[in-house]
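Here the structure is laid out as structure tokens; the discussion comes afterwards.
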Amino acid sequence: MFQQTNIQAILFDYDGVVVNMDKTLALKAADDHYASFILPPLTVLTDLIYNNPFNTELDLGKISIEELRERLRVQAWKGDKESWSQWWEAVDNSYKISQPMQKLLSKLHSKYRLGLISDNHIGFRRWLESRPDITQYFDTIVCSAEEGIKKPDKRIFLHAMHEIHSTFATTIFIDDYQANVIAARTFGMPAIHFRTYTQMQEELQKILGSLCKYKGDYHAITKRAL
């Protein structure tokens, strides 16, 4: 991977990159409702949530997060709906951003324009507003359900480029899903397939050389664009 000296922006995937589920917390919450599960809680967390047939509809804004969770409840739960909702709230709260990631984002945000590009539900942006520990680092958030398109569709990347006032060639893209990374590279983006935090940081260092090269004024650029 060659060194880029003209990088102006970095786009991050959300789930699996910026945050990760703390399964210990989610499973601990499941202990209070263990008798209500039809499927083992770990199966629900690692398989049903991510590999159910309804996620594409969710990510494209065709169904709400409430509709998805009701469909999953039928498959995974024999308790009452209120307890199911309580457990899901605990699952939502189990997504954590690590201290090393926070420090890295803070350093990057002082020199580069940062954005989130997430395949997520229509209420994702509203929910994320309750997480200033995450949103403080990002200049823009692009959500698939709001746009009606999802990664790796080129159009959602183009929308993100417009929002962050950048181009494919001057924007790094980081995602834990390899197909999205491959697509981004075909669009001309320097892209990193996230596997571990350390690996991602090392690859970022290779691209940027120094994490403090670009010194453009994001707010000045934004004002000129308006």
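Values computed for the structure shown
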item	result
Pairs with Cβ under 7 Å, 6+ apart, first in the stretch 97-122 and in contact (Cβ under 8 Å) with a residue 12 or more places away in the chain, second charged (D, E, K, R) and assigned to a helix (DSSP H, G or I)	97/133; 115/163; 119/59; 120/59; 122/146
First in the stretch 192-207 and over 15 Å from residue 99 (Cα atoms), second anywhere and of a type in the set (S, T, N, Q) and in a helix (DSSP H, G or I), Cβ under 9 Å, 6 or more apart	192/199; 193/178; 193/180; 193/199
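The rows are residues; the columns are (1) of a type outside the set (A, V, I, L, M); (2) more than 25 Å from residue 202 (Cα to Cα); (3) at pLDDT 95 or above.
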position	(1), (2), (3)
126	yes, yes, no
129	yes, yes, no
140	yes, no, yes
143	yes, yes, yes
151	yes, no, yes
159	yes, yes, yes
172	no, no, yes
175	yes, no, yes
178	yes, no, yes
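The values are calculated or read from the model by the stated rules, or taken from the named source; none is laboratory data. Remember, it's a predicted structure, so these values are computed and weren't measured experimentally. Methodologically, a virtual Cβ is constructed for each residue, glycine included, from the backbone with ideal geometry; neighbour enumeration extends over all protein chains shown.
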